[in-house]
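Asks: Dumping the structure here so I can ask a few things about it.
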Amino acid sequence: MYGLGDVAFFDRVAPLYDRVMPPADAGALAAGLDHATRPIGRLLDVGGGSGRAAAALTGPEITVVDASVEMLSRARSTRGLSGIAGDAGRLPVRSDAVDAVVVVDAFHHLPDQTAALAEAARALAPGGALVVREFDPTHPLGRLLVAAEHAIGMGSRFRTPDDLAAAMDGVGLDPRIVDRGFGYTVAGVRR
């Protein structure tokens, strides 16, 4: 799911991750999920690590998918979440299996972002929504984050909201930019 160096990093920091990261933006996630045209009963939290985003959501049955087994262990032990070790470019679910997919603060770590978007679109039932919460590399704080992640050896590849929306359109999702800023949200609804 992540570049190999990124997975090793998250395996190492798993015990401290939730202590240093702020909670996921529940309002932004809800605003993105509101674009779904079907009820959301089953949701995948892709690149969900310790379940930080899942903890901000209420209602659906949530499964965390992540490549870091240590982060998944935290999701299971500290939050009681269902977790599957997997790759965002080859999601371990059947087609049309879920009503929503979220990727929160993790999309920039995915080595094959196009495959991850296509897999999310495949996993979504018609009318389901993919919600990506990311960091804008053109924002002043975004430029600092890009430099920091590259300085510690991560293979992060950040996209602007417009670029991410265009990529979602390219895999058959109807994109909507929900909000902009250092942290931004793009939702794509499966046609």
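Asks: Can you tell me how many residues within segment 69-102 are within 27 Å of residue 127 (Cβ to Cβ) and either in a loop (DSSP other than H, G, I, E, B) or hydroxyl-bearing (Ser, Thr, Tyr) (or both)?
Replies: 12
Asks: Going by what's in this entry, would residue 61 be described as charged (D, E, K, R), under 15 Å from residue 11 (Cβ atoms) and open to solvent by 30 Å² or more (accessible area, probe 1.4 Å)?
Replies: Numbers: charged (D, E, K, R): yes; under 15 Å from residue 11 (Cβ atoms): no; open to solvent by 30 Å² or more (accessible area, probe 1.4 Å): yes.
Against the criterion (charged (D, E, K, R), under 15 Å from residue 11 (Cβ atoms) and open to solvent by 30 Å² or more (accessible area, probe 1.4 Å)), residue 61 does not qualify.
Asks: Being among the acidic types (Asp, Glu) and within 17 Å of the chain's Cα centre (by Cα) is the requirement here; does residue 174 meet it?
Replies: Values: among the acidic types (Asp, Glu): yes; within 17 Å of the chain's Cα centre (by Cα): no.
It is false that residue 174 is among the acidic types (Asp, Glu) and within 17 Å of the chain's Cα centre (by Cα).
Asks: Quick check on this structure: which one of 80, 86, 41, 47 is touching a Leu at 6+ places or on another chain (Cβ under 9 Å) and of a type in the set (Gly, Ala, Ser)?
Replies: Numbers: 80 fails: touching a Leu at 6+ places or on another chain (Cβ under 9 Å); 86 fails: touching a Leu at 6+ places or on another chain (Cβ under 9 Å); 41 fails: touching a Leu at 6+ places or on another chain (Cβ under 9 Å).
That would be 47, the only listed residue that is touching a Leu at 6+ places or on another chain (Cβ under 9 Å) and of a type in the set (Gly, Ala, Ser).
Asks: Quick one: how many residues across segment 142-190 are modelled with pLDDT under 95 and touching a Pro at 6+ places or on another chain (Cβ under 8 Å)?
Replies: Residues that pass the stated criteria total 1.
Asks: Let me ask another. Across segment 60-92, what is the number of residues that are basic (Lys, Arg), within 17 Å of residue 115 (Cα to Cα) and in contact (Cβ under 8 Å) with a residue 60 or more places away in the chain?
Replies: Residues flagged as basic (Lys, Arg), within 17 Å of residue 115 (Cα to Cα) and in contact (Cβ under 8 Å) with a residue 60 or more places away in the chain within segment 60-92 amount to 0.
Asks: Now for a different question. Quick one: in segment 14-49, which of the residues that are under 17 Å from residue 74 (Cα atoms), surrounded by fewer than 17 Cβ atoms within 10 Å (Cβ to Cβ) and among the aliphatic types (A, V, I, L, M) is modelled with the highest pLDDT?
Replies: First pass over segment 14-49, keeping only residues under 17 Å from residue 74 (Cα atoms): 14-24, 44-49.
In the following step, the residues that additionally are surrounded by fewer than 17 Cβ atoms within 10 Å (Cβ to Cβ) were identified as 15-16, 19-23.
Filter again for among the aliphatic types (A, V, I, L, M), leaving 16, 20-21.
Values: 16: 71, 20: 78, 21: 84.
That would be 21.
Asks: Return the pairs, sorted by first residue and then second, in which the second residue is of a type outside the set (A, V, I, L, M) and part of a helix (DSSP H, G or I), the first residue lies in segment 39-59 and is within 9 Å of residue 100 (Cα to Cα), the beta carbons are less than 8 Å apart, and the residues are 6+ apart or on different chains.
Replies: Pairs that qualify, where the first residue is within 9 Å of residue 100 (Cα to Cα) and the partner is of a type outside the set (A, V, I, L, M) and part of a helix (DSSP H, G or I): there are none.
Asks: Something else about it: For segment 110-147, which positions are of a type outside the set (A, V, I, L, M, F, W, C), outside any helix (DSSP H, G or I) and either open to solvent by less than 10 Å² (accessible area, probe 1.4 Å) or over 16 Å from residue 160 (Cα atoms) (or both)?
Replies: In the first step, residues of segment 110-147 are kept if they are of a type outside the set (A, V, I, L, M, F, W, C); the result is 111-114, 119, 122, 126-128, 133-134, 136-140, 142-143.
Add one more test, that the residue is outside any helix (DSSP H, G or I), and what stays is 111-112, 126-128, 133-134, 136-139.
Result: 111, 112, 126, 127, 128, 134.
Asks: Within the group 6, 11, which residue is on the phi < 0 side of the Ramachandran plot and crowded, with 19+ Cβ neighbours inside 10 Å?
Replies: On the way: 11 fails: crowded, with 19+ Cβ neighbours inside 10 Å.
Result: 6 is the single residue among 6, 11 that is on the phi < 0 side of the Ramachandran plot and crowded, with 19+ Cβ neighbours inside 10 Å.
Asks: Which of the residues spanning segment 161-181 are among the β-branched types (Val, Ile, Thr) and assigned to a strand (DSSP E or B)?
Replies: Pass one, segment 161-181, residues among the β-branched types (Val, Ile, Thr): 171, 177-178.
Residues satisfying the conditions are 177, 178.
The values are calculated or read from the model by the stated rules, or taken from the named source; none is laboratory data. Nothing here was measured: the structure is a model prediction, and the numbers come from that model. Don't worry about glycine lacking a Cβ; one is built from the backbone with ideal geometry, like all the others, and counts go over all protein chains shown. Just the protein is used for accessible areas: all its heavy atoms, side chains included, with ligands, DNA and RNA removed. Shrake-Rupley method; radii C 1.70, N 1.55, O 1.52, S 1.80 Å.
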